[in-house]
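Data first, discussion second: the structure below is written as structure tokens.
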Amino acid sequence: MVLILDSDTLEGLGLEFTIHKYQPEEEVTQVRTVAQANERVASVGIEAISLIVVDIHLDDEDVLDFVEDIRKAKYKGKVLAVTSLRSSAQFKRAMNLNIDAYILKDDFLEEMKLAWQKIENGQKYYSSDLVGEISGMEEEEVILSRFTRRELEVLYRIGAGDENEAVAKNCHISDGTVKKHMSNISNKVDCGRRQLVIFAYRNQQRIADKLKIGPQKRVRIQ
């Protein structure tokens, strides 16, 4: 039996249709909440379920808590997660819970085909786009950890669209000090001014979190 946990009925039907392509003889049941999923598992027995497909993002519910609970209950079947959002924290937690496949809805049909081939052979499948993006996010987090607080303040103002004169004014430092900080920051990021502006813009919220300051109005990078 295949259990699908997805609050969107149409998406659930799409998942059911896709599952039947690969396992036409398998019974497929769709539920919309974690409570319904727990009821179904209890009624049929956990050993009767060969595959659980979950949408990671359900309103006001932590689906990964459900996955963790069934793992603790000695569930030995496969778990396939689908998501429309890219979250490094949830992705890492999913891997820690030994989820067999983690795919993006952006390119669902192709991803599902690849995932199915892998999990049928006892392998794992994680969306390459997501793995690459998370790796990039982690790399940028490492880069940000190299900066002093003052360098982060300067970088934050750059991300907000300030030129050097405005950075100096907002950070209460001289133009010469701004240039010195900019040189140090550029060396740590290993890029030119244009790339540095883009880096600062992309990471402004992270920088704000590190500085414990509220969001500022940002200019759009052309």
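Rule-based calculations on the coordinates, nothing more; no lab input. The model shown is predicted, which means the values in this text are computed figures rather than measured ones. Note: ideal-geometry Cβ built from the backbone for every residue, glycine included; neighbour counts use all protein chains shown.
Histogrammed with a bin width of 5 Å, the alpha carbon distances of the stretch 1-100 distribute as 3, 13, 26, 26, 21, 9, 2, 0 percent, first bin at zero. Each DSSP beta bridge with both residues in the chain is either parallel or antiparallel, and the antiparallel ones are about 10%. Here's the list of aspartates and glutamates a cross-link from Lys188 could span, going by alpha-carbon distance under 16 Å and ignoring same-chain residues fewer than 8 apart: Glu138, Glu139, Glu140, Glu141, Glu151, Glu153. Placing dummy labels 7 Å off each Cα toward the beta-carbon, the span from Cys191 to Asn98 is 4.0 nm. Listed by chain and number, the aspartates and glutamates whose C-alpha is less than 16 Å from the C-alpha of Lys105, apart from same-chain residues fewer than 8 away, are Asp6, Asp8, Glu11, Glu16, Asp55, Asp129, Glu133. A DSSP coil position with no more than 10 other Cβ atoms inside 10 Å describes the following GluC sites (Glu not before Pro) in the stretch 1-78: Glu25. Evaluated with a Cβ-only charge set (Lys, Arg +1; Asp, Glu -1), the stretch 2-136 carries a dipole of roughly 600 debye about its Cα centre, given to the nearest 20.
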